[in-house]
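Report on the structure given below.
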Amino acid sequence: MTVGEICHRNVVVAPKGEMIVDAARRMRTSHVGALVVIENRNGRHVPIGIVTDRDIVVSVVAGDPEHINCLLVNDVMSDDLVAAREHESIEAALKKMEEHGVRRLPIVDADGALAGILTLDDILQYLTAQQSELVALVAREQRLERQYRI
């Protein structure tokens, strides 16, 4: 299974020059905890950073609240972006997330354009579904055993 198969394709994005207050409002109205910061290159959205609700709280609200109306996404975003390619395995993506201490990975296509976003929640849902299938298999095997061997 690849990250491209389980990632969310509708990614909420922000340009780096947007006001941080507007970005925070978009997070709230879109019910997301992060925005992928993008640049348009040849008509394609290329991820260059990410801004999370935590970035806003720690860097702005708790750090420099009097300038909140002057700050841009570019001032707050994490620009050491960690991303994964669509064809990468879930295991490889999880390892990247662990190594870099992130809960979200922008997913890019072969040209480096934004294709989706993978979150820790997505991985947990996938793994839970896999475990449920295994439990169902064992239960079915036990039912068949009782049915034909008793």
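Nothing in this text is a laboratory measurement; each read-out follows from the coordinates by a stated rule. All values derive from a computational prediction rather than experimental measurement. Quick reminder, even Gly has a Cβ in these numbers, built from the backbone with ideal geometry, and neighbours come from all protein chains shown.
Quick notes
- For Met77, Met97, order by how many other beta-carbon atoms lie within 10 Å, fewest first: Met97, Met77
- Its Cα centre serving as origin, the chain has a Cβ charge dipole (Lys and Arg +1, Asp and Glu -1) of approximately 620 debye.
- Among Val11, Val82, Val32, residue whose mean-square fluctuation peaks in a GNM of the chain (springs only between Cα atoms under 10 Å): Val32
- Counting only DSSP beta bridges whose two residues both lie in the chain, roughly 75 percent are antiparallel.
- Panel order for Leu118, Leu94, Leu137, by other beta carbons found within 10 Å of each beta carbon, from fewest to most: Leu137, Leu94, Leu118.
- Remark on Leu72: its backbone amide H falls under 5 Å from those of Ile20, a criterion applied only to residues 5 or more positions apart or on other chains, H modelled at 1.01 Å from N.
- Against the chain, whose longest principal axis is taken from its Cα atoms, helix 90-100 shows a tilt of about 40°.
- Subtracting the Cα-Cα distance of Cys70 and Leu144 from 0.36 nm times their residue separation leaves 19.9 nm of extension gain.
- Which of Leu105, Ile48, Ala62, positive extreme of dipole for the chain (C-beta unit charges): Leu105
- What the Cα convex hull of the chain gives, in volume per residue, is 140 Å³.
- Residues of the range 20-54 with amide N under 12 Å of the 7 Å Cα→Cβ point at Ala113: 40-47
- In order through the range 27-33: 3J(HN,Hα) via Karplus (6.51 cos²θ - 1.76 cosθ + 1.60), integer Hz, x for Gly, Pro: 4, 5, 6, 8, 6, 10, x
- Spatial separation of Cα centroids for the range 1-57 and the range 60-75, in angstrom: 18
- For the chain, built as a Gaussian network whose Cα springs stay under 10 Å, the top-fluctuating residue of Val46, Val36, Val61: Val61
- Between 0 and 90°, nearest 10: helix 120-149 axis offset from the chain longest Cα axis: 10
- Entry note, the chain: the mean residue ellipticity at 222 nm calculated from DSSP H runs of n ≥ 4, each adding -39500 (n - 2.57), is -12500 deg cm²/dmol after division by the residues and rounding to the nearest 500.
- Candidates Gly17, Gly63, Gly33, ranked by Gaussian network fluctuation over the chain, Cα under 10 Å, top entry: Gly63
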